[in-house]
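Chemist: Before I ask anything, here is the structure I am working with.
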Amino acid sequence: MLDIQTLRTDVQAVAARLADRGFQFDSAQFAALEAERKTIQTETQDLQAKRNALSKQIGQLKAKKEDASALMAEVNAQANQLKSLEAKLEDVQLRLNDFLLQVPNVPHASVPAGRDAEANVEVRRVGEPKKFDFTAKDHVDIGEGLGLFDFETATKIARARFVVMKGGLARLHRALAQFMLDVHTQEHGYTEVYAPYLVNADSMRGTGQFPKFEDDQFAVTADGLFLIPTAEVPVTNIVRGEILAGAQLPLKFVCHTPCFRREAGSYGKDTRGMIRQHQFDKVELVQIVHPEQSYSGLEELTGHAEVILKKLELPYRLMTLCTGDMGFSAAKTYDIEVWLPGQNAYREISSCSNFESFQARRMQARYRNEKNKPELVHTLNGSGLAVGRALVAVLENYQRADGGVDIPAALQPYMGGLKTLGPVR
């Protein structure tokens, strides 16, 4: 959520930067709500001042043993007026809050302007795409050729955009998650967290999924709970409503969870295979940091996600997202895109974002600054990595002409020393 004081100070500058990301800020509605709030607040303050003055006069009359009944009746009448004004003030504050909940974050000054992914800026490429002496297959053909992918059965059990993995492929999927957790906890200093897969509406609101993306979530309506779209939601909400000691920062958490998304806005996109599914696994990195450290934290967190791809020896590129391609809550985002030979393209495998105080303001997540006063923290997160897409990348980059797949050296200890997934003979 944006700082309302910033909007009150320079609403046109904020509106202009939001327009860069394709959002038309309704300045007229904001001005109307603010005018209504100011009017009610002024009336409330005037009435409170008048009531206080009358109460003082009543005290003086009583001290002189004089009749104060008329003034007391006036004060009682004002009490009812005051309750009415306070109710109106609360109502307009709620409407202002609802208005602000619909407004995305303001892009950082370093974010390139642009309407869509075409305007994203490449930062670097790491690794060279492998040249095969045979026609590269995509992950679906590889997995089905091994007899270890079963999309048809998954559709029977649930519906489209699910998968059943078997045998060595299921183990490889598990190995990837374990490998990522070990690297981030043992080498990067993250604390592993096991978190709920179901969260309440306050948690979804806190990280920016609600109200904007409510239709994209799987809901357990009878209980008022929602399946998590990412571990970002439960893990970041650990600090919701908390005031941390400054010495506690930064907090660095890593969490492996399944993620659930209806993908309501993605009809017809990536319907083949595991690229865009309703259920998928991620290893999520979350940092809660001092405001002055959030951009160095973003570089660090992004680097931690890159390490996984380097250890797996998978080619990738790092992209800075433009204003029009960033997520709702982000002030700046890097996408890491892994090379997929089966698609002959780079595809996103991690988004690493700095949300500045946007999420913290929604959650009222604070720390005590040098003057011992509560101040909003900054929050960051990123996939370290998306496990299913990492599996896709391994299958496609390590495929062999005979239909088998070599296991990356970094994963072999997690596979009981197994070095290959052999083709069905």
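Each value in this text was obtained by applying a stated rule to the coordinates, not by laboratory testing. For clarity, every value in this text was computed on a predicted model and none was experimentally measured. Neighbour counts run over all protein chains shown; Cβ positions are idealised from the backbone, glycine included.
Chemist: Apply 1/(1 + (r/R0)^6) to the Cβ-Cβ distance of LYS83 and ILE243, taking R0 = 41 Å, and write down the FRET efficiency to the nearest 0.05. Show your work: numbers first, answer last.
Modeler: Values: r = 32 Å, r/R0 = 0.77.
Step by step, r from the Cβ atoms, then E = 0.85.
Chemist: How tilted is helix 387-397 with respect to the longest principal axis of the chain? Cα atoms for both, answer in degrees (0 to 90, nearest 10).
Modeler: Approximately 30 degrees, to the nearest ten.
Chemist: Then there's this: Cut-off is 10 Å between beta-carbons; in what order do PHE355, PHE253, PHE132 appear when sorted fewest neighbours first?
Modeler: Working: PHE355 27, PHE253 22, PHE132 14.
Ranking PHE355, PHE253, PHE132 by Cβ neighbours within 10 Å, fewest first, gives PHE132, PHE253, PHE355.
Chemist: For region 267-400, what are the per-bin percents of Cα-Cα distances with bins 10 Å wide, up to the bin holding the maximum?
Modeler: 12, 37, 31, 14, 5, 1, 0
Chemist: A further question follows. Starting from region 16-86, pick out the GluC sites (Glu not before Pro) whose DSSP state is loop and whose Cβ has at most 12 other Cβ atoms within 10 Å. It would help to have the intermediate numbers written out before the result.
Modeler: On the way: sites: GLU34, GLU36, GLU43, GLU66, GLU74, GLU86; in loops: GLU66.
Here the sparse-neighbourhood loop sites are GLU66.
Chemist: Further question: Place a point 7 Å from Cα of ASP116 in the direction of its Cβ. Which residues in region 8-35 have their backbone N less than 14 Å from it?
Modeler: 22
Chemist: Give the residue list of trypsin sites (Lys or Arg not before Pro) in region 26-70 that are DSSP loop and have at most 16 other beta-carbon atoms within 10 angstrom.
Modeler: Numbers: sites: ARG37, LYS38, LYS50, ARG51, LYS56, LYS62, LYS64, LYS65; in loops: LYS64, LYS65.
When the trypsin sites (Lys or Arg not before Pro) of region 26-70 are filtered for loop state and at most 16 Cβ neighbours within 10 Å, LYS64, LYS65 remain.
Chemist: Could you line up THR191, THR323 from fewest to most neighbouring Cβ atoms inside 10 Å?
Modeler: Details: THR191 12, THR323 23.
Fewest to most other Cβ atoms nearby, the residues stand as THR191, THR323.
Chemist: Across 5 Å bins from 0, what is the distribution of all Cα-Cα pair distances for region 27-92, in whole percents?
Modeler: The calculated distribution, bin by bin, is 4, 17, 21, 17, 12, 10, 8, 5, 3, 2, 1, 0.
Chemist: Would you mind calculating the gained length between ALA31 and LEU198 on full extension (0.36 nm times residue separation, minus the Cα-Cα distance), in nm to one decimal?
Modeler: Details: separation 167, 0.36 × 167 = 60.12 nm, distance 3.79 nm.
Result: 56.3 nm gained on full extension.
Chemist: Tell me what the chain gives for mean residue ellipticity at 222 nm when only DSSP H runs of n ≥ 4 count, each as -39,500 (n - 2.57), the sum divided by the residue total, rounded to 500 deg cm²/dmol. Walk me through the intermediate numbers first.
Modeler: Values: 11 runs with 168 residues, N = 425.
Dividing the helical sum by the residues of the chain leaves -13000 deg cm²/dmol.
Chemist: Let me know the whole percent of all Cα-Cα pairs from the chain that are separated by more than 34 Å. Please list the in-between numbers first.
Modeler: Working: 37806 of 90100 pairs.
Roughly 42 percent, once rounded to a whole number.
Chemist: Excluding SER84 itself, what net charge comes from residues whose Cβ is under 13 Å from its Cβ, given Lys and Arg +1 and Asp and Glu -1? Kindly include the intermediate steps, with their values, before the conclusion.
Modeler: Working: positive: LYS83, LYS88; negative: GLU43, GLU86, GLU90, ASP91.
Charge balance in the 13 Å sphere: -2.
Chemist: Something else now. Can you give the relative contact order of region 121-189 as a percent, counting alpha carbon pairs under 8 Å and 6+ residues apart?
Modeler: On the way: 33 pairs, mean separation 13.0, N = 69.
Relative contact order, region 121-189: 19 percent.
Chemist: Then there's this: Please report the relative contact order for the chain, taking Cα pairs under 8 Å with a sequence separation of at least 6, and give it as a percent rounded to a whole number. Let's see the in-between values first.
Modeler: Values: 783 pairs, mean separation 86.1, N = 425.
Once divided by the residue count of the chain, the mean separation gives 20 percent.
Chemist: In the neighborhood of ALA245, defined by Cβ-to-Cβ distances under 15 Å, what is the net charge if each Lys or Arg adds +1 and each Asp or Glu adds -1?
Modeler: Details: positive: ARG366, ARG368, LYS371, LYS373; negative: GLU242, GLU370, GLU375.
Overall, the nearby charge balance is +1.
Chemist: Give the aspartates and glutamates whose C-alpha is closer than 20 Å to that of LYS65, dropping any in the same chain fewer than 8 places away, or say none.
Modeler: Of all the aspartates and glutamates, those that pass the test against LYS65 - Cα under 20 Å, at least 8 places apart if same chain - are GLU74.
Chemist: For LYS38, what is the net charge nearby, where nearby means another residue's Cβ is under 13 Å from its Cβ and Lys, Arg count +1, Asp, Glu -1?
Modeler: Here the charged neighbours net out to -1.
Chemist: Here's another thing I want to ask about it. Against the longest principal axis of the chain, how steep is helix 27-63, in degrees 0 to 90 to the nearest 10, with axes from Cα atoms?
Modeler: Tilt of helix 27-63: around 40 degrees.
Chemist: In this model, which of LYS88/LYS212; LYS83/LYS212; LYS56/LYS88; LYS166/LYS282; LYS50/LYS373; LYS130/LYS282 are farther than 22 Å apart at the alpha-carbon? Walk me through the intermediate numbers first.
Modeler: Numbers: LYS88/LYS212 26 Å; LYS83/LYS212 33 Å; LYS56/LYS88 27 Å; LYS166/LYS282 19 Å; LYS50/LYS373 33 Å; LYS130/LYS282 26 Å.
In this structure, LYS88/LYS212; LYS83/LYS212; LYS56/LYS88; LYS50/LYS373; LYS130/LYS282 lie more than 22 Å apart at Cα.
Chemist: Considering Cα pairs under 8 angstrom that are at least six residues apart, work out the relative contact order of region 26-101 and quote it in whole percent.
Modeler: Numbers: 33 pairs, mean separation 37.4, N = 76.
Across region 26-101, relative contact order equals 49 percent.
Chemist: Follow-up. Which values, in whole Å and largest first, are the semi-axes of the equivalent ellipsoid of region 125-180 obtained as the square root of 5 times each eigenvalue of the Cα gyration tensor? All intermediate terms of the calculation are to be shown ahead of the outcome.
Modeler: Details: eigenvalues 123, 56, 25 Å².
Working from the Cα gyration tensor, I get semi-axes of 25, 17, 11 Å.
Chemist: Taking the DSSP beta bridges in region 117-421 as the whole, what percent of them are antiparallel, to the nearest 5? Spell out each step's value before the answer.
Modeler: Details: 52 of 57 bridges.
DSSP beta bridges in region 117-421 are roughly 90 percent antiparallel.
Chemist: Against the longest principal axis of the chain, how steep is helix 167-186, in degrees 0 to 90 to the nearest 10, with axes from Cα atoms?
Modeler: The angle comes out near 50 degrees.
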